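**Q** Got a structure for you, questions after.
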Amino acid sequence: MSDFGGALLALLALTLVKATPLIYAALGGVLSERSGVVNIGLEGILTAAAFFAVVASAATGSPIAGAAAGMVAGAAVAAILAFAATRLGVDQIVAGTGLNIMALGGAAYGLVLVFNQPGASREVPSLGKPGEVVLIALAFALAAALWFALFRTPWGLHVRACGENPRAAEVAGIDALQTRFWAVVIGGAIAALGGVYLSLAELDLYSDGMTAGRGYIALAAVIFGRWNPWGALGAALFFGFFAALQYSLQRAGIPSELMQALPYVAALVALAGFAGRVRAPAADGIPFER
Amino acid sequence: MGRTLRDALIALGIVFGVGSGAMLLAHVSPIDGFGALFDGALGNASELAETLLQTTALLFPALGIALAFRAGLFNIGAEGQIVLGGMTAGILGVALPLPGPLLIPVVLVAGACAGGLWGGLAGFLKARFGANEVISTLMLNTIAILLATYLIGGPFKQPGAGAAETPQLPPAAWLPVLVPNSRLSVSFLIALALAAALQYAFHRTVFGYELRAAGKAPEAARRAGIDLGRTAFSAMALSGAIAGLGGATIVMGVLHRFNTGLSPGYGFVAIAVALVGNLEPLFIIIAAFGFGILQSGAIAMQAEANVPRDIVTLIEGLVIVALAGRRFVAERRTS
Amino acid sequence: MAEAALRLRGISKRFGAILAVDGVDLDVAPGEIHALVGENGAGKSTLAAIAYGAVKPDAGTVETGGSVGLVHQHFLLIERLRVWENILLGREPRAGARIDRVRARAIVAELAARHGLAVDPDAFVETLPIGIKQRVELLRELAREPAVLLLDEPTAALAPSEIDTFFATVRALAQRGTAILIVTHKLAEVMGYSGRVTVMRSGKIVAAFRTAQTSADAIARAMVGGEIPALAARAATRPAARLAVRDICAGSGAGALAGATFGVAAGEIVGIAGIEGNGQTMLADAIAGIVPYTGEMALDGELLAPALSPAQRIARGIRVIPQDRRGEALILDWNIIDNVALGRQRDPPLRRGFVIDREVAGRFATDIIERFDVRPPNPKAFVGTLSGGNQQKIVVGRALAGAPKLVVAYQPTRGVDIGAAALVGSRLIEARNAGAAVLLISFELDEIFALADRIFVLFGGKFVGEFDRAELDRGRIGALMAGG
């Protein structure tokens, strides 16, 4: 009996571990989309953050510096999308996809430049177990903070106005383009923490493709969570649970590939079940022109 | 035409500009770097054949992606569709007891159907549930690779198979070679023919007309009697089928077996190819050739000039961002 | 003479090839109610947007004695936010880092009481009926205490009783010194409520009157600049039953159709009168087959099942002229030839096997261009470059081609200049003369009176009155439109 209880606790703990990067990415996605910009580039943000966090940690010996660098890198990638979406009015989905590919290639390229070896970096000073715990707790705290910011503060109201009807926001004196820009960038910094978690907390190195589509699962979490920080958190936990489940079920003799597919299938099913019934912010994905 | 030219120039600018910058970061002179790239891609006949091979591998998914784009849909799942098409070819090519002239078309069609099924699944989810096809095709990519790995190692494991790959195809299932002593097969011609057919289909047929209308103005299309759900489904299925066909040709024409690594990201680079070609099949051929040069030259560039080949991926991503354009303005719409 | 609260001098604005405003001077004094009238496309809305500051003029100056408010014709509200959030957006009361929601609600309640415009501060805007939404829009502008208030077609969506309340509010504002400029084409309201009238035509000011010293006729003549083109003659027809509709229900909530029963005969125009938002869109969409509905619908005795697709209805001879040509009828990036094929791409002769016959399509296009006087008469012109009137001509021409059995014309002359409107009306009459059944849905009573053989009034999703052309009673119809 206690063996079962122990296994359950382990599963829950692993759920938290697996969900945390998803939570950060999803929160970043929520903020971005609430302002009206679809951020498909979450995967690229995670990649850039994970990579630069490792590079900075290796260079300075300080994982904290690594975390900070990761956030800056994530925000920078987000800024490219933010600029392209607001000033250039490009198709946000196509641009986001391009960013993901850029980040993947850039990180692989950077691996060789910085560490002189392809595929993976060497091990670097990491945030360790205490760092993991802090980041997990911070994810929940950020969800609460984002909810408060979006639904209780003037800035949050302005962001939501830009996501619903940017022209009406402009008439009220809000700079819709600038509001969107910063929402995307801040969202990128938040999402970046997910990448930092992957490379400096859960592990202590960067390897090609380590983000493994988490940025896309996070997008499904945004939709599943109805563009609400708490909803996104819940959805991320849900998908994280399936990722954690794969380890428990592997011992039950189910082929590992099918288990690995669980979170992706879960995301797909959630999308199919929910997508038609929820409404994105009205101006989500639609460029605003003055 | 003017727009295509401008986009092509932007792409070229990025390739040479950013490429040079990144090369300098690696302490390599751009002249050496690009020299190695072009020499490696076009230096002699066999290298040219290899470049055309890469061109073909890109052309198939790019045509499929362009078709989906025209219908207002974004197929990022070409990678998974290529894998499943290739897997089907790898399994059936060995398992079907048919003579050569029959075996090849049957297996090619089967590969296309596998890709079409996968793309159609995303199309169905979009048409029926309004599920965003970007996220669903991305999920399906990963699921496809895992599924293929499982199938060829488990239920469809064949005698003589290695780890994570199928046994070698019998010669009856090999595509005829176009240039002797190279890996370039008739798949190149198939791709060209397909491009021509799509060009015609887009601009002359009722199907192409309805597809483009649905992509441009869904509300007006709906009132004109166009079934948006069916269009979304057929566009995604056809898009997947074309990519799947590409995967099958890689297996039957190049590798002569299937392994899950048969596509080093063709499905993603093809997005850039489709955009640079302005979604016009004939221009896409040219764009595919340009990117084919990058792909095949990159290996030589790494070997001879010490420039990591991932720089090409970086450049390709940047091209996509630069050409994201105002054209598509994706709407969240249900059928 | 009071100093003008709003002074426009030499305003000009060009959009592409179209000169929307051409050298306009205009003054509005504090406390005055000034009407700016003109036909659709005369430039009134553009001028208002320039006065508001939303659009920059190419030439000229705008001087104001304070801030300017604008109540938009189609509202600029954020549907998914609450009333108080819309009204106080950008000026939210704060309590530290938070919005002070209690104070916000109180401010809105006080504002509403002060102007006699009751609203629920907490309600979500998307749940409100149109009349209340307009109150929110108005309160949003009034919250800024503007010196000048611009009202763009403010009564388009209001019932007659609501119009009275609305103008009472406007009068009260004027009495408090606000300068009011009403952009409208409703001359009855101009005569009833304004002090001065300025008439625009083709971007220029062509007349200015003191309301007390003029008449609706004089204003109308100035608006049109001559004789209003006559409509085609109505031929005698022998109406035979064509469209039979029984108990059709579609949609839910505001704007739903709640049981419509009527018929349209071949060789007649049936007009559906009503205020926007009473089920017209659901009616048009149900007949077009793009929304699900319950009830019976039959064309020439043959049942039209609710599941019958738009394509099948088109094949049976039903043509719809949608309300929104840019969003629902045309593909602006394509040329005229490609647009003309839309809706008929599956039928021979346009379709030849798998292919679209370009020659036939070209002929269709030139045909419509000639019959409808589309300018410029270039079949390869991109539809997005044409004026609203010419775009609408293409939509109507396409719908009337090929002798359709039933034509549903939903706001067929919306936003179209007087010449094009007369042409469209004439073509509808000619289609009727030739035996088509025409269902005309319009928010403009004048248009319905000019074209319809029979008129039904739609209110709250139900038909509440039927009138024959010979016995038109404007007062009664107006009352029924408002639910009286």
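The values are calculated or read from the model by the stated rules, or taken from the named source; none is laboratory data. The structure presented is a predicted model; accordingly, all values stated were derived computationally and were not measured. Quick reminder, even Gly has a Cβ in these numbers, built from the backbone with ideal geometry, and neighbours come from all protein chains shown.
**Q** Name the one entry in C:R398, C:R432, C:R351, C:R346 that is touching a Ser or Thr at 6+ places or on another chain (Cβ under 8 Å) and farther than 30 Å from C:M200 by Cβ.
**A** After applying the criteria, what remains is C:R432.
**Q** Here is a further query. For region C:288-341: of the residues being in contact with a Lys or Arg (Cβ under 8 Å, 6 or more places away or on another chain) and polar (S, T, N, Q), which is farthest from the other protein chains (Cβ to nearest Cβ)?
**A** Restricting to residues being in contact with a Lys or Arg (Cβ under 8 Å, 6 or more places away or on another chain) and polar (S, T, N, Q), the top hit is C:N335.
**Q** Quick check on my filter: what residues within region C:393-417 are part of a helix (DSSP H, G or I) and in contact with a Pro (Cβ under 7 Å, 6 or more places away or on another chain)? Please lay out each step first, then the result.
**A** The first filter runs over region C:393-417 and keeps only residues part of a helix (DSSP H, G or I), leaving C:393-400.
Once the filter is applied, which keeps residues that are part of a helix (DSSP H, G or I) and in contact with a Pro (Cβ under 7 Å, 6 or more places away or on another chain), region C:393-417 yields only C:V396.
**Q** Between a residue in region B:313-324 that is within 7 Å of chain A (Cβ to nearest Cβ) and any residue that is part of a loop (DSSP other than H, G, I, E, B) and of a type outside the set (A, V, I, L, M), which pairs come within a Cβ distance under 7 Å, given they are 6 or more apart or on different chains?
**A** B:T313/B:G265; B:A324/A:D91
**Q** Right, next: Please give the number of the condition A:V54 fails out of (1) within 30 Å of B:A303 (Cβ to Cβ); (2) within 14 Å of chain B (Cβ to nearest Cβ).
**A** (2)
**Q** Further question on the same structure: Taking region C:70-116, which residues are among the charged types (D, E, K, R), outside any helix (DSSP H, G or I) and surrounded by 17 or more Cβ atoms within 10 Å (Cβ to Cβ)?
**A** C:R80, C:R82, C:E92 - these are the residues of region C:70-116 that are among the charged types (D, E, K, R), outside any helix (DSSP H, G or I) and surrounded by 17 or more Cβ atoms within 10 Å (Cβ to Cβ).
**Q** Still on this structure, I have one more. For region A:74-95, give me the residue count where each residue is part of a helix (DSSP H, G or I) and either surrounded by 22 or more Cβ atoms within 10 Å (Cβ to Cβ) or facing another protein chain (nearest Cβ under 8 Å) (or both).
**A** Counting residues in region A:74-95 that are part of a helix (DSSP H, G or I) and either surrounded by 22 or more Cβ atoms within 10 Å (Cβ to Cβ) or facing another protein chain (nearest Cβ under 8 Å) (or both) gives 14.
**Q** When the residues of region A:168-184 are filtered to those that are surrounded by fewer than 18 Cβ atoms within 10 Å (Cβ to Cβ) and out of contact with any Ser or Thr (no Cβ under 9 Å at 6 or more places or on another chain), which remaining residue is nearest to the other protein chains (Cβ to nearest Cβ)?
**A** Checking each candidate, the answer is A:G173.
**Q** Of everything in region A:237-285, what is more than 13 Å from chain B (Cβ to nearest Cβ), touching a residue at least 60 places away in the same chain (Cβ under 8 Å) and either more than 17 Å from the chain's Cα centre (by Cα) or over 26 Å from A:F4 (Cβ atoms) (or both)? Give them in sequence order.
**A** A:A244, A:L245, A:Y247, A:S248
**Q** Identify the residue in region C:467-483 that is in contact with a Lys or Arg (Cβ under 9 Å, 6 or more places away or on another chain) and either surrounded by 12 or more Cβ atoms within 10 Å (Cβ to Cβ) or touching a residue at least 60 places away in the same chain (Cβ under 8 Å) (or both) and, among all such residues, is farthest from C:D446 (Cα to Cα).
**A** Residues of region C:467-483 in contact with a Lys or Arg (Cβ under 9 Å, 6 or more places away or on another chain): C:467-469.
Next, only the ones that are either surrounded by 12 or more Cβ atoms within 10 Å (Cβ to Cβ) or touching a residue at least 60 places away in the same chain (Cβ under 8 Å) (or both) stay: C:467, C:469.
On the way: C:F467: 15, C:R469: 13 Å.
Looking at the filtered set, the residue picked out is C:F467.
**Q** Any residue that is without any contact (Cβ under 8 Å) to a residue 24 or more places away in the chain, more than 14 Å from chain C (Cβ to nearest Cβ) and within 19 Å of the chain's Cα centre (by Cα) - is there at least one of those in region A:217-236?
**A** yes
**Q** Among the residues of region C:49-100, how many are closer than 18 Å to C:G23 by Cα, charged (D, E, K, R) and modelled with pLDDT of 90 or more?
**A** Total satisfying the criteria: 2.
**Q** Among the residues of region B:245-270 satisfying the criterion of being more than 25 Å from B:V179 (Cβ to Cβ) and either of a type in the set (D, E) or part of a helix (DSSP H, G or I) (or both), which is farthest from the other protein chains (Cβ to nearest Cβ)?
**A** In this case the residue turns out to be B:G267.
**Q** List the number of the failed condition for A:G187; all other conditions in (1) crowded, with 24+ Cβ neighbours inside 10 Å; (2) more than 13 Å from the chain's Cα centre (by Cα) hold.
**A** (2)
**Q** Tell me, which residue of region A:108-124 that is free of Cβ contacts under 8 Å to residues at least 60 places away in the same chain, of a type in the set (A, V, I, L, M) and closer than 13 Å to A:F52 by Cβ is nearest to the other protein chains (Cβ to nearest Cβ)? It would help to see each step written out before you state the result.
**A** To start, the set of residues in region A:108-124 that are free of Cβ contacts under 8 Å to residues at least 60 places away in the same chain comprises A:109-110, A:112-117.
Right, trim to of a type in the set (A, V, I, L, M) and you get A:112-114.
Narrowing the set further to residues that are closer than 13 Å to A:F52 by Cβ leaves A:113-114.
Numbers: A:L113: 6, A:V114: 10 Å.
Of everything passing the filter in region A:108-124, A:L113 is nearest to the other protein chains (Cβ to nearest Cβ).
**Q** Another question about this same structure. Is it the case that A:I136 is farther than 30 Å from A:E170 by Cβ and either away from chain B (no Cβ under 12 Å) or not in a helix (DSSP H, G or I) (or both)?
**A** Yes, satisfied.
**Q** Now for a separate question. Hey, among B:L169, B:L125, B:L138, which residue is under 22 Å from B:V254 (Cα atoms), surrounded by 22 or more Cβ atoms within 10 Å (Cβ to Cβ) and modelled with pLDDT under 95?
**A** Just one listed residue meets the conditions, B:L169.
**Q** Filter region B:143-156 down to the residues that are free of Cβ contacts under 8 Å to residues at least 60 places away in the same chain and assigned to a helix (DSSP H, G or I) and list them by number.
**A** B:L146, B:Y150, B:G153
**Q** Something else now. Which fully enclosed helices (runs of 4 or more DSSP H) of region B:1-110 have 3 or more residues being modelled with pLDDT under 85?
**A** B:2-25, B:30-42
**Q** Tell me which strands (runs of 3 or more DSSP E) are completely within region C:179-234 and hold 3 or more residues being in contact (Cβ under 8 Å) with a residue 40 or more places away in the chain and under 22 Å from the mean Cα position of the chain (by Cα), or say none if there are none.
**A** C:179-184, C:196-201
**Q** Among the numbered criteria (1) in contact (Cβ under 8 Å) with a residue 12 or more places away in the chain; (2) part of a loop (DSSP other than H, G, I, E, B); (3) away from chain A (no Cβ under 14 Å), which one does B:P159 miss?
**A** All conditions pass for B:P159, except number (1).
**Q** Taking B:G21 as the residue in question, decide whether it is more than 21 Å from the chain's Cα centre (by Cα) and closer than 27 Å to B:A243 by Cβ.
**A** Taking the combined requirement at face value, the residue does not satisfy it.
**Q** Six or more apart or on different chains, Cβ under 8 Å: which pairs go from a residue in region B:290-311 that's facing another protein chain (nearest Cβ under 9 Å) and closer than 26 Å to B:G277 by Cβ to one that's aromatic (F, W, Y) and in a helix (DSSP H, G or I)? Could you list them?
**A** Here the result reads B:D310/A:Y109; B:I311/A:Y109, each pair linking region B:290-311 to a residue that is aromatic (F, W, Y) and in a helix (DSSP H, G or I).
Quick grid of which residues meet (1) in contact with a Phe, Trp or Tyr (Cβ under 6 Å, 6 or more places away or on another chain); (2) over 14 Å from B:F258 (Cα atoms); (3) aliphatic (A, V, I, L, M):
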site: B:W118; (1), (2), (3): no, yes, no
site: B:A122; (1), (2), (3): no, yes, yes
site: B:L125; (1), (2), (3): no, yes, yes
site: B:F129; (1), (2), (3): no, yes, no
site: B:N141; (1), (2), (3): no, yes, no
site: B:T149; (1), (2), (3): no, no, no
site: B:I152; (1), (2), (3): no, no, yes
site: B:F156; (1), (2), (3): no, no, no
site: B:G162; (1), (2), (3): no, no, no
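**Q** Give the number of residues within region B:125-142 that are more than 19 Å from B:G246 (Cα to Cα) and either of a type in the set (D, E) or facing chain A (nearest Cβ under 9 Å) (or both).
**A** 12
Residue-wise test of (1) closer than 30 Å to C:P129 by Cα; (2) out of contact with any helix residue (DSSP H, G or I) (no Cβ under 9 Å at 6 or more places or on another chain).
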| site | (1), (2) |
| --- | --- |
| C:F209 | no, no |
| C:A212 | no, yes |
| C:S215 | no, no |
| C:A218 | no, yes |
| C:V224 | no, no |
| C:A233 | no, no |
| C:T237 | no, no |
| C:A260 | yes, no |
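**Q** Which condition breaks for A:L127 when tested against (1) surrounded by 20 or more Cβ atoms within 10 Å (Cβ to Cβ); (2) under 16 Å from the mean Cα position of the chain (by Cα); (3) away from chain B (no Cβ under 14 Å)?
**A** (2)
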